[in-house]
Structures are given as structure tokens and as C-alpha cells.
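Here, each number is a calculation from the coordinates, and none is a lab measurement. In this text, all values refer to a predicted model and were calculated from it rather than measured experimentally. Note: ideal-geometry Cβ built from the backbone for every residue, glycine included; neighbour counts use all protein chains shown.
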Amino acid sequence: MTVATDFIALDTLAPAANGPRATSSMAWRGTPLVEPREQFRVLNAAETRGGPTGTGHFDSDLAASGWPALRPETLEVVQLNLGKLCNMTCRHCHVDAGPDRTEENMDQATAEACLDLIIRTRPRVVDLTGGAPELNPHFEYLIEECVARGIHVMDRCNLTILLARRFTHLPQWFAERGVEVVCSLPHYRQLKTDAQRGTGAYRKSLLALTRLNEAGYGFGDPRRVLTLVTNPVGAYLSGRQSSLEREWKAALLSNHSVRFDRLLTLNNIPMSRFLEWLLETGQVTSYLDRLLAAFNPATIAGLMCRSTLSVSWDGYLYDCDFNQQLDMVMDLNGRNAHVGDFDLQAWRQHTIRTGRHCYGCTAGAGSSCGGAIS
Ligand code: SF4
Ligand code: SF4
């Protein structure tokens, strides 16, 4: 397939004090940490304390909080990860996405099987993610088919992709179909955004936001919702979502005349390239300590794995996009679940697979694809 050519220049690694810097994909560099097995080894080797039991064992802390097993509730969101191909290589990326990840991209047969599942299960939301999902050749087809059936579609967009020649039509195209655009932006200030995403990312992001505003996004229209998503540029937890939203709205409006509808705050999950940065800067244990110290039982009921089905580019099913990147395939009816044979009844009864990375979702106000939980 064709790959967008206007990639943002890669940056070099930086000291911890300056926060993460854009990098290349671990797959491209062939680092051992690209293997989920190695990521688990690093995480589980950290001698961390805190949490309800002081064991650093997520399931034990769940049980001590009144949740002997984590099970789904209602299927509300089908999240399709269309592939690992991306025009950027952000330092915190949990997908290890990048321009070199051309192999992992959803094909037409899998896209059709996803549509069958969506039609059968009628989720409230279809959430398209990646990589940059726009780079998948079936991206617009999937949206057209969902919208035609009255299903709300979200595109998880990195903003800069909207400036690539093949995608400049998308703001207006989205607006005509009522697609919610959920845009990642590390910070409303240039320094922090460029640090994490690469030099020039901020300028391009602001230009893309302006184009979305011109298409009617960001003014409170329920058919043209512009959501921004931010994650900390460093080894700390997200700030309070409601107050950050006020701060961001004021700053982007006064500095750049840019408007948006809502801000979601996420914690960085200790895995993939963020884990690599923690490892390089000697912060694995201290970051886990921070997550465990902030363990919040009130977030458990609202964990996204209880209402989301995550589908990978090759059609396997997972409890969330994080488990997907860690190869933790969902076990339904005693076998690796696949989009072609999804069993809703079995899904409702299965036990969600967890690990230490899950502490990223239960820390502070909690963290999910829908932002803070509690
Ligand atoms: S964080 Fe998003 S934009 Fe950045 S490399 Fe990963 S998928 Fe691409
Ligand atoms: S990483 Fe978060 S969403 Fe995924 S299974 Fe763990 S708690 Fe659930």
C-alpha cells in the first residue's frame, strides 16, 4: 500500500529531566523490549509496594477491593485497531507504531468480518484507532458502512495526518458524516508536544485543528464533536480532567483562536515505548510505585475493558488495546477469540486478562479511551 511521505523528522533520545522525545519504532530497532514477554519480565521484576495488598499483584488488589474477578458488563464500544502504520513515532506510543510498520494493516476480509460483528452486536460506538487509522485503505469504507447504520463513529486522529496530501479532504468528509474526531495532543504548548511527537508536530497539529474548526468542529454541534486527548509528557499522572479542560480551552482560544468540545486525560500505561523510556531513565519502579500509591478502587466498575471489545488488524479479539499490544488474546470457549466467531454470550461471562500494566488504568481518577473514569 502507499505510505504517506510527509513524515515528521525523528528526534533523538533525551535525558529524563526533559521528558520523553520522539523516537523510532522498537520493531525497526530490533530491541528485545518489542517482545511482550520481555515487557512483562521488566514490569514484574520491579519491586514495587503500595496498593491495597502491598503485593504489586493486580488481581489481588482487585480482589481486596471487592472484585474477585473482572468481567465485562455491557458491550458498548467496538474498537478496531486498523494497523500499526503511522506517520509519527511518538515516544509514549503503546502500539510501537511508525512509518516502518507497513505489514500490520487490516485487510478487506477482516474489515468485512468486523462489519458483520458490528451489525450483529449493534454497539453504541465504533472507535477506529491505529497507528494512524486513516492510513488503512478500508478506513473510509468502514466509516460509511457504520454511519449508514446509524452507529456513532470515532476516529482517533493524530492531527498531523490531516495535512498529508491524501487526507486534506477528511475534515469536511467527517463533518458530512457526523464522525467524532478524537485528536491526541500531548500539550497546548509547543515545547512539550514537540518533545514527545517530534519537531514540527505542534505547528502541524494546530493547523489541522484550524481546518477542523473551519469544517464546523469544536463549536458544540453534536454532529461535529472535536475531542482532544492528552497524556502526561513524563512519568507522572494526569491532572484533573475538568480543570485541565478549562485551562486548555482558554489557552488554545487566546493563543491560536482554536476551539474544541472536550478534553480527555489519560495516564501513560507502562508498556511498549513508554516502558522503554522508563527503563532507560531508571524510572520503572518509581513509576509503578506512583501508580500503586494512587490505586483507586472507584475506577474499577468503569474500566473500559468491561464495555469494549478490541479487534486487532488481523482480527483477533482483546479486552482492550493495551492487552492487544501485549498479545493477551481473549480466551472465549477455550480458544483464541477471533472476529469471525465472536460469541457475545461467552464474552459476557469471560474473565478479563490483567497484569501490572493495568495499574495505569486504576490510578488517580482512572484512565480509559473515554478519559478519566471517576
Ligand atoms: S502515539 Fe499515536 S500518533 Fe504517535 S506514533 Fe503512536 S499511533 Fe502514531
Ligand atoms: S489495561 Fe486497563 S482496560 Fe486493559 S485489561 Fe487492564 S484494566 Fe482493563
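Descriptive notes on the structure:
- The residues packed around Thr74, meaning those with a beta-carbon under 13 Å from its beta-carbon, carry a net charge of +3 if Lys and Arg are +1 and Asp and Glu are -1.
- When the charge dipole of the chain is built from unit charges on Cβ atoms (+1 for Lys and Arg, -1 for Asp and Glu) and taken about the Cα centre, the candidate among Leu191, Asn87, Gly334 whose Cα reaches farthest toward its positive end is Leu191.
- Anchor Lys204: aspartates and glutamates whose Cα lies under 19 Å away (excluding residues fewer than 8 positions away in-chain): Asp6, Asp11, Glu134, Asp155, Asp194, Glu214
- Computed from label points 7 Å out along Cα-Cβ, the spacing between Ser24 and Glu144 is 3.8 nm.
- Magnitude of the charge dipole for the chain, about its Cα centre and with charges confined to Cβ atoms of Lys, Arg (+1) and Asp, Glu (-1), is about 1040 debye.
- The simple spin-label model puts a point 7 Å past each Cα toward its Cβ; for Glu35 and Ser243 those points are separated by 4.5 nm.
- Our summary gives region 16-362 a relative contact order of 24 percent, counting only alpha carbon pairs under 8 angstrom and 6 or more residues apart.
- Cα-based shape type of region 193-236, given that a ≥ b ≥ c are square roots of the gyration tensor eigenvalues and the cut on a/c is 1.5: oblate
- With at most 12 neighbouring Cβ atoms within 10 Å, loop GluC sites (Glu not before Pro) (DSSP) excluded, longest segment of the chain: 104-374
- Near Gly282: Cβ cut-off under 15 Å, other residues only, Lys/Arg at +1 and Asp/Glu at -1. The net charge is -3.
- Computed lengthening from Thr55 to Asn255, 0.36 nm per intervening residue step minus Cα-Cα distance: 67.3 nm
- Sum of -39500 (n - 2.57) over DSSP H runs of 4+, divided by residues of the chain (222 nm, nearest 500): -9500 deg cm²/dmol
- Unit charges on C-beta of K, R, D, E only; dipole of region 252-318, Debye: 280
- Added length on full extension, which subtracts the Cα-Cα distance from 0.36 nm per residue, Asp221 to Thr199: 4.7 nm
- A simple charge model with +1 on the Cβ of Lys and Arg, -1 on the Cβ of Asp and Glu and nothing else charged puts the dipole of region 184-329 at about 680 debye relative to its Cα centre.
- Label zone at Thr210, where the point sits 7 Å out along the Cα-to-Cβ direction: region 217-257 residues whose backbone N lies under 18 Å: 217-219, 251-257
- Theoretical FRET efficiency, 1/(1+(r/R0)^6), r = Cβ-Cβ of Glu112 and Ala69, R0 22 Å, to 0.05: 0.05
- Zone of Thr102's modelled label, taken as backbone nitrogen in region 23-44 under 17 Å from a point 7 Å along Cα→Cβ: 25, 27-29
- Cα shape, the chain, gyration tensor, a/c 1.5 rule: rounded
- For Ala301 and Arg165, the FRET efficiency from 1/(1 + (r/R0)^6), where r spans their Cβ atoms and R0 equals 56 Å, is about 0.80.
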